[in-house]
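Have a look at the structure below, then the notes.
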Amino acid sequence: MNVTPLVWIITIAVTIAFFVYEFFAHVRKPHEPSIGESARWSAFYIGLAVLFGVGVGVVSGWTYGGEYFAGYLTEKALSIDNLFVFLIVMTGFAVPKIYQQKVLMIGIVIALVLRGAFIAVGATLISNFSWIFYLFGALLLVLAYRQAFAHGDANPADGRFMRFVRRMLPVSDEYNGDRLTVKKDGRRFVTPMLLVIVAIGFVDLIFAVDSIPAIYGLTEEAYLVFTANAFALMGLRQLYFLIGGLLERLVYLAQGLAVILAFIGVKLVLHAMHVNELPFVNGGEPILWAPEIPIWFSLTFIGATIAVATVASLLKTRGGRGAGHLPGGPAVEVSAAATDAASTADTDASAAADTDAAPVAGTDAASATASGRTPAEKRR
């Protein structure tokens, strides 16, 4: 696939333009999006992603078109998984609903920037070291295991990383609109809103680790990797508000994603064997009997897995059964591996009491969330 620098520049410029428009048209003025607004924009972005994929297929061939659609489906599923952890973070910090879409917007932009950096690094490694496919494959198999079997009851808002941040920064105990800092008695404090953004950014970094190796298992074209990620993240903010009630019912999403990650991990290992250059494996020669899984099979497998996980989840939770509950927020069965990784596997029971400077992320936030009020409202 021949992608010129001009095409790259235009693609990045258009992507930035979409996010700038989103900010000024929808996010700048705090409000909770309606179902109608969220549905219209979600449909627009999904339609745009499909139209782009058709364009790739027509212009560059349907092999690349299939790779794009397989990558887009995988990244969209991983992005929805990302929403679970965003929900936990915003619940833990008792973020008022009218400010949640601003937090989501900032989190999505951070995710795109981090994934862009990972895409550039991944493209460089793949072009110079064929053995990197072994490493990516092994990483995805480990992540698939964690996704399927780890316990997701940790809260990234109370993890070791966030407790370190609170110790380093003076934190006010209430929200001041959507401001990140506030001045009190001549001293500058950061607000809980800044802590939320830091937590979301840390979560994004963790998610980029499994997202980029996964899509490189479906295509080696950096342009397709970038566009699939960009389109998967576009509209994610609206999707959060649109399917907020449905998130609680996707109880098998983690298992479905584990199957997809394991499948791509095996695909990467088989590809690494097929192009093997490691001297201690088969004398440095390619292992020709290792099959190459065609992209049509990958696309079919990923689509079928997402469909089965969704249908099974809806059947399991029919009538309100089978979903766990987050305090003060929608019921949700949290993605296990994502939550464990984002909180660095730290679930100390004393986490909430570890910050004298920021009770909003501890007892105050939890009780405020449970009562449906912000910490400031609770004190009033």
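The values are calculated or read from the model by the stated rules, or taken from the named source; none is laboratory data. In this text the structure is predicted, and so the values were computed from the model without any measurement. Neighbour counts run over all protein chains shown; Cβ positions are idealised from the backbone, glycine included. All accessible areas refer to the heavy atoms of the entire protein, side chains included, with ligands and DNA or RNA removed. Shrake-Rupley method; radii C 1.70, N 1.55, O 1.52, S 1.80 Å.
Key figures for this structure:
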quantity: Meets criteria (among the charged types (D, E, K, R), in a helix (DSSP H, G or I) and more than 19 Å from ASP204 (Cβ to Cβ)) for GLU37; calculated: yes
quantity: Residue among GLY57, GLY116, GLY92 that alone is more than 19 Å from the chain's Cα centre (by Cα) and not β-branched (Val, Ile, Thr); calculated: GLY57
quantity: Per-region count, the stretch 283-319, residues more than 15 Å from LEU268 (Cβ to Cβ), part of a helix (DSSP H, G or I) and either in contact (Cβ under 8 Å) with a residue 40 or more places away in the chain or open to solvent by 90 Å² or more (accessible area, probe 1.4 Å) (or both); calculated: 13
quantity: Options PHE133, PHE164, PHE86: the member that is crowded, with 22+ Cβ neighbours inside 10 Å, outside any strand (DSSP E or B) and over 20 Å from the mean Cα position of the chain (by Cα); calculated: PHE133
quantity: Flag if LYS29 is among the basic types (Lys, Arg) and under 25 Å from VAL171 (Cα atoms); calculated: yes
quantity: Residue list for the stretch 62-76, filter: touching a Leu at 6+ places or on another chain (Cβ under 6 Å) and surrounded by fewer than 24 Cβ atoms within 10 Å (Cβ to Cβ); calculated: GLY66
quantity: Output for the stretch 94-118, where each listed residue is open to solvent by less than 10 Å² (accessible area, probe 1.4 Å) and closer than 26 Å to GLY256 by Cβ; calculated: LEU104, GLY107, ILE108, ALA111, ARG115
quantity: First in the stretch 1-30 and more than 19 Å from LEU233 (Cβ to Cβ), second anywhere and assigned to a helix (DSSP H, G or I) and charged (D, E, K, R), Cβ under 8 Å, 6 or more apart; calculated: PRO30/LYS102
quantity: Only one of ILE212, ILE200 that is out of contact with any Ser or Thr (no Cβ under 9 Å at 6 or more places or on another chain), open to solvent by less than 20 Å² (accessible area, probe 1.4 Å), modelled with pLDDT under 85 and under 23 Å from PHE301 (Cβ atoms); calculated: ILE212
quantity: Tally of residues being more than 23 Å from the chain's Cα centre (by Cα) and open to solvent by less than 60 Å² (accessible area, probe 1.4 Å) across the stretch 8-29; calculated: 1
quantity: Inter-residue pairs, beta-carbon under 8 Å, first of a type in the set (Lys, Arg) and in the stretch 135-151, second modelled with pLDDT under 85 and part of a helix (DSSP H, G or I), 6+ apart; calculated: ARG146/ALA336; ARG146/ALA337; ARG146/ASP340; ARG146/ALA341
quantity: Filter pass, VAL3 being open to solvent by 60 Å² or more (accessible area, probe 1.4 Å) and within 25 Å of LYS267 (Cβ to Cβ); calculated: no
quantity: Contacts under 7 angstrom Cβ, first residue in the stretch 35-55 being in contact (Cβ under 8 Å) with a residue 60 or more places away in the chain, partner hydrophobic (A, V, I, L, M, F, W, C) and open to solvent by 40 Å² or more (accessible area, probe 1.4 Å), 6 or more apart; calculated: ILE35/LEU242; SER38/LEU242; ALA39/LEU242; SER42/LEU242
quantity: Test: residue in the stretch 219-240 that is closer than 22 Å to ALA208 by Cβ, among the acidic types (Asp, Glu), open to solvent by 10 Å² or more (accessible area, probe 1.4 Å) and in a loop (DSSP other than H, G, I, E, B); calculated: yes
quantity: Those residues of the stretch 184-218 which are among the aromatic types (Phe, Trp, Tyr) and in a helix (DSSP H, G or I), in sequence order; calculated: PHE202, PHE207, TYR216
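Residue by residue, here is whether (1) at pLDDT below 80; (2) of a type in the set (Val, Ile, Thr); (3) loosely packed, with under 15 Cβ neighbours inside 10 Å; (4) out of contact with any helix residue (DSSP H, G or I) (no Cβ under 6 Å at 6 or more places or on another chain) holds:
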| site | (1), (2), (3), (4) |
| --- | --- |
| GLY92 | yes, no, no, no |
| LEU143 | no, no, no, no |
| VAL190 | no, yes, no, yes |
| LEU194 | no, no, no, yes |
